[in-house]
1. Of all residues in region 180-236, count the ones that are under 20 Å from ARG62 (Cα atoms), in contact with a strand residue (DSSP E or B) (Cβ under 7 Å, 6 or more places away or on another chain), surrounded by fewer than 17 Cβ atoms within 10 Å (Cβ to Cβ) and of a type in the set (D, E, K, R).
2. Among the candidates THR170, THR190, single out the residue that is touching a residue at least 60 places away in the same chain (Cβ under 8 Å) and assigned by TED's automatic domain parsing to the domain that holds GLY225.
3. Pull up region 178-193, narrow it to residues that are assigned to a strand (DSSP E or B) and among the hydrophobic types (A, V, I, L, M, F, W, C), then point me to the one that is nearest to THR231 (Cα to Cα).
4. Does ARG57 satisfy the criteria of being out of contact with any Leu (no Cβ under 6 Å at 6 or more places or on another chain), part of a loop (DSSP other than H, G, I, E, B), in contact (Cβ under 8 Å) with a residue 12 or more places away in the chain and among the basic types (Lys, Arg)?
5. Identify, from the list GLY131, GLY83, GLY95, the residue that is at pLDDT below 95, more than 14 Å from the chain's Cα centre (by Cα) and assigned to a loop (DSSP other than H, G, I, E, B).
6. Looking only at region 194-236, count every residue that is farther than 26 Å from VAL65 by Cβ, assigned to a strand (DSSP E or B) and among the polar types (S, T, N, Q) and tell me the total.
7. List, please: which pairs have Cβ atoms under 6 Å, are six or more places apart or on different chains, and start with a residue in region 98-116 that is assigned by TED's automatic domain parsing to the domain that holds PRO79 and end with one that is surrounded by 13 or more Cβ atoms within 10 Å (Cβ to Cβ) and assigned to a loop (DSSP other than H, G, I, E, B)?
8. When GLY162 is evaluated against the numbered criteria (1) under 25 Å from VAL72 (Cα atoms); (2) outside any strand (DSSP E or B), which criterion, by number, is the only one it fails?
Amino acid sequence: MPRLKTLSAPGLAGALLSTTILAATPSSASSDTQAPPATIPATTAAPVATKATSTLRIRSVRRTVLAGRRVVVRGVLRPAGSGRAVSLQLGRARGGWTTVDHDRTDGRGRYVLMWRASRIGTKRVRVHFGGTRELGSARELGGTARVYRRAVASWYGPGLYGGHLACGGTLSAGTLGVAHKSLPCGTKVTLHYHGRTVRVPVVDRGPYVGGREFDLTAATKQKLGFGSTGTVLSTR
């Protein structure tokens, strides 16, 4: 009869102990034991400072001046406050602006800007405010300033209608233009007389009477309210 083998106590105890240790060791693959991801604290953006809106107003412009006299621009900057720098700018022929004067506002925001016009011609005018820490910049167009010189003029027309003009075409009662001895044909001339202004081309040659620079056509004379002979203001 075969004999039964008896398991010794120490062997049984060691097996039980080994089983217990294995059961108590956590699995590295278990998701239940993974640490939660670190939380990144949210950052708060600093508030962006906004500037108050400023407004420039031009109240008056001395637009018609003789060469050597001053173009004067008066206005106000809002909101009112003293010591704010504003500037007078003139448009350049090829674009852009040139600053010709500066002023600082008084307590009511008022300013006065001036430019001594040394040359005849036409200039675009604007006022510029560069802004401050509290106020945004602003600009305001002031239209056109004209710088004139004095010139003696006469007029012609009746008895010559239907005749050829030196610059082409024929003279009629409705022809707008002037005759001049040397300015190129088609040159635009701005004339001012007693508050009236016209801008017309050179269409003919003359006058050939001593001391006179322009001969106005009948239509030009009528628009200006000009007499027979006298002094007009011219930008050429």
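1. The number of residues fulfilling the criteria is 1.
2. THR190
3. Going residue by residue through region 178-193, those that are assigned to a strand (DSSP E or B) are 178-179, 188-193.
From what is left, the residues that are among the hydrophobic types (A, V, I, L, M, F, W, C) are 178-179, 189, 191.
Values: VAL178: 14, ALA179: 15, VAL189: 15, LEU191: 10 Å.
Across region 178-193, the extreme among qualifying residues is LEU191.
4. Considered against the rule, which asks whether it is out of contact with any Leu (no Cβ under 6 Å at 6 or more places or on another chain), part of a loop (DSSP other than H, G, I, E, B), in contact (Cβ under 8 Å) with a residue 12 or more places away in the chain and among the basic types (Lys, Arg), ARG57 comes out as no.
5. Going through GLY131, GLY83, GLY95 in turn, the sole match is GLY131.
6. 1
7. THR105/ARG84; ARG108/ALA80; GLY109/ALA80; TYR111/THR105
8. Here GLY162 clears every test but (1).
The values are calculated or read from the model by the stated rules, or taken from the named source; none is laboratory data. These numbers come from a predicted model, not from an experiment. Cβ: placed from backbone, ideal geometry, glycine included. Neighbour counts: every protein chain shown.
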